[in-house]
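Each remark here refers to the structure printed beneath this line.
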Amino acid sequence: MVVLMVAIAEQLKQQASELGFVLSGVAPAAEPGRLEAFHAWLDAGYAGQMKYLHEHRQAYSHPRNVLDGCRSILMLAMPYGPAESTRRGASSHIEGGTAKVARYAQGSADYHDVIHGLLKRLRLWLLEQSPGAVVRGVVDTAPLLERELAEAAGLGWIGKNTLLLNRRWGSYFFLAALLTDLELPADVADDKNFCGTCTACLDACPTAAFPSPFVLDARRCISYLTIEHRESIEPELQSQLAGWVFGCDVCQQVCPWNRRVPPSSEPEFTPRDDLVELDILAVLDLSDEGFRQRFRRTPLWRAKRRGLLRNAILIAGTRRMPQARAALVRLCDDEEELLRDAAKWAVGQYEVG
Ligand code: B12
Ligand code: SF4
Ligand code: SF4
């Protein structure tokens, strides 16, 4: 049986590699390491409005809460970089009429959809080899500490920017998990943390979102503010989006491990020309229908029209873009309170000395 499981695990990893997953490793299903750190993080309020993290607090304590009878988890990494567009470096500030989109969101499809499709194929393959097995593929949304599991499966280490890093692939990759009740042989975690004395990500973060290395206060993170935070952004942070209209890559752009990342082979993650940067005036003009047509099935859909417009309004106001002023004045009467509030703040910026 053990010999059979060794063979199945090897072939499963081979299948994953053929589907484009560049890293794979098996972690045993157990209570995650640093569960305490996760609880402390929640208790400190660092999750902001991401209520689902609090609601599933208990579920995170063991992967069998995601799959009944789970014994092993195949952790997988799918690259989406590198990004010519974001390679300019964090210091280059796009001024003028455009705003930046995080590299992971520049492709033509939402990564959840792409990766779910691939996980389904892996699941079917595993079921062919082992009929009767229980298998579930997840990406992002299940109560799993994916980076902890990936570290345990030997895919890399958790960096000071809290992302999972790998010496060859940097951090521009998505993580995914295939959970099963099969007892696959576990891989060995590489205990070494290759961040060393580097602090580039901590120093470069535009909003000082790291209270300490390895700890992120999501409430200050531009990625959180532009994507997950559904209400008005607090005054102190409104002018600190640093030109990011959706997500933020600064703590990855400055990371030395991202300097020579091989390209992703997944065509759906190739940057779509119109998603690398967004024209701010065009965003300010977007109707519900316009938003739907342009962003449906892309990751930007998650922010909804109101979120994307709020972000664009704040950037336009921070830059005091002369050509945006009329649109901002118009948005002061928008039917959405969120947009009215942001627009009033933005218009006020033109008056500030
Ligand atoms: C919620 C969430 C967010 C939140 C909070 C981020 C965060 N750091 O937790 C927000 C919206 C801010 C966010 C932003 C981003 N996210 Co996100 N996010 C998630 C999600 C859904 C859950 C993460 C979670 O559970 N956080 C809980 C807290 C406790 O985690 P933590 O702060 O990192 O703390 C842990 C470690 O730091 C560690 N730790 C604590 N102390 C110490 C000490 C030492 C010495 C060490 C080594 C470790 C350590 O223990 C803690 C518990 O695990 C995961 C998917 C998943 N299910 O895992 C994706 C995920 C982490 N996100 C991802 C991505 C791509 C991003 C962005 C890059 C997107 C972007 N460009 O805008 C940014 C990066 C921001 C950043 N620096 O983290 C990828 C990361 C891939 C990778 N290579 O690691 C994931 C895995 C999604 C996926 N399936 O691919 N995200
Ligand atoms: S994503 Fe941007 S704002 Fe968030 S921690 Fe990284 S550098 Fe800071
Ligand atoms: S920038 Fe430096 S400290 Fe931050 S994750 Fe990369 S290597 Fe680690």
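The values are calculated or read from the model by the stated rules, or taken from the named source; none is laboratory data. All values derive from a computational prediction rather than experimental measurement. Cβ placement follows ideal geometry from the backbone for every residue including glycine, while neighbour counts extend to all protein chains displayed.
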Looking at 154, 196, which one is part of a loop (DSSP other than H, G, I, E, B), at positive phi and out of contact with any strand residue (DSSP E or B) (no Cβ under 9 Å at 6 or more places or on another chain)?
196
Looking at 139, 134, which one is touching a residue at least 60 places away in the same chain (Cβ under 8 Å) and either within 16 Å of ligand 2 (Cβ to nearest atom) or outside the structural domain of residue 266 (by TED's automatic domain parsing) (or both)?
134
Out of the residues in the range 276-286 that are at pLDDT 95 or above and part of a helix (DSSP H, G or I), state the one that is farthest from residue 98 (Cα to Cα).
284
Which of the residues that make up the range 183-213 are buried (at least 22 other Cβ atoms within 10 Å of the Cβ) and either more than 10 Å from ligand 1 (Cβ to nearest atom) or at pLDDT below 95 (or both)?
184
By residue number, the members of the range 125-150 that are in a loop (DSSP other than H, G, I, E, B) and either in contact with a helix residue (DSSP H, G or I) (Cβ under 7 Å, 6 or more places away or on another chain) or farther than 17 Å from residue 58 by Cα (or both) are 130, 131, 132, 133, 134, 139, 140, 143, 144, 145
Residues that are under 14 Å from the mean Cα position of the chain (by Cα) and farther than 17 Å from residue 65 by Cβ, drawn from the range 142-163
147, 161, 162, 163
Residues of the range 221-243 satisfying the condition of being within 9 Å of ligand 1 (Cβ to nearest atom) and of a type in the set (Lys, Arg):
none
Need at least 2 residues that are within 25 Å of the chain's Cα centre (by Cα) per element, so show me which helices (runs of 4 or more DSSP H) inside the range 287-340 make the cut, counting only ones lying wholly within it.
288-295, 304-319
Close pairs from the range 200-212: first within 10 Å of residue 253 (Cα to Cα) and more than 7 Å from ligand 2 (Cβ to nearest atom), partner β-branched (Val, Ile, Thr) and modelled with pLDDT of 95 or more, Cβ under 9 Å, at least 6 apart:
200/254
Going by the structure shown, is residue 265 within 30 Å of residue 352 (Cα to Cα), more than 15 Å from ligand 1 (Cβ to nearest atom), part of a loop (DSSP other than H, G, I, E, B) and of a type in the set (Ser, Thr, Tyr)?
no
Output the residues belonging to the range 319-333 that are charged (D, E, K, R) and without any contact (Cβ under 8 Å) to a residue 24 or more places away in the chain.
330, 333
Subset of the range 52-93 (residues that are on the phi > 0 side of the Ramachandran plot and either modelled with pLDDT under 95 or surrounded by 21 or more Cβ atoms within 10 Å (Cβ to Cβ) (or both))
89
Report, by residue number, each residue of the range 239-262 that is farther than 12 Å from residue 170 by Cβ and surrounded by fewer than 21 Cβ atoms within 10 Å (Cβ to Cβ).
239, 240, 242, 243
I need a count of the residues in the range 172-181 that are assigned to a loop (DSSP other than H, G, I, E, B) and surrounded by fewer than 23 Cβ atoms within 10 Å (Cβ to Cβ).
1
Just the residues that are of a type in the set (S, T, N, Q), surrounded by fewer than 20 Cβ atoms within 10 Å (Cβ to Cβ) and under 18 Å from the mean Cα position of the chain (by Cα), please, taken from the range 263-286.
270
Within the range 341-353, residues being touching a residue at least 40 places away in the same chain (Cβ under 8 Å) and either over 15 Å from residue 245 (Cβ atoms) or part of a loop (DSSP other than H, G, I, E, B) (or both) number 3
Quick check on the range 94-120: of everything there that is in a loop (DSSP other than H, G, I, E, B) and of a type in the set (A, V, I, L, M), which residue is modelled with the highest pLDDT?
102
From (1) surrounded by fewer than 17 Cβ atoms within 10 Å (Cβ to Cβ); (2) within 12 Å of ligand 2 (Cβ to nearest atom), pick out the condition that doesn't hold for residue 216.
(1)
So which residues in the range 327-339 are charged (D, E, K, R) and either buried (at least 16 other Cβ atoms within 10 Å of the Cβ) or not assigned by TED's automatic domain parsing to the domain that holds residue 310 (or both), if there are any at all?
334
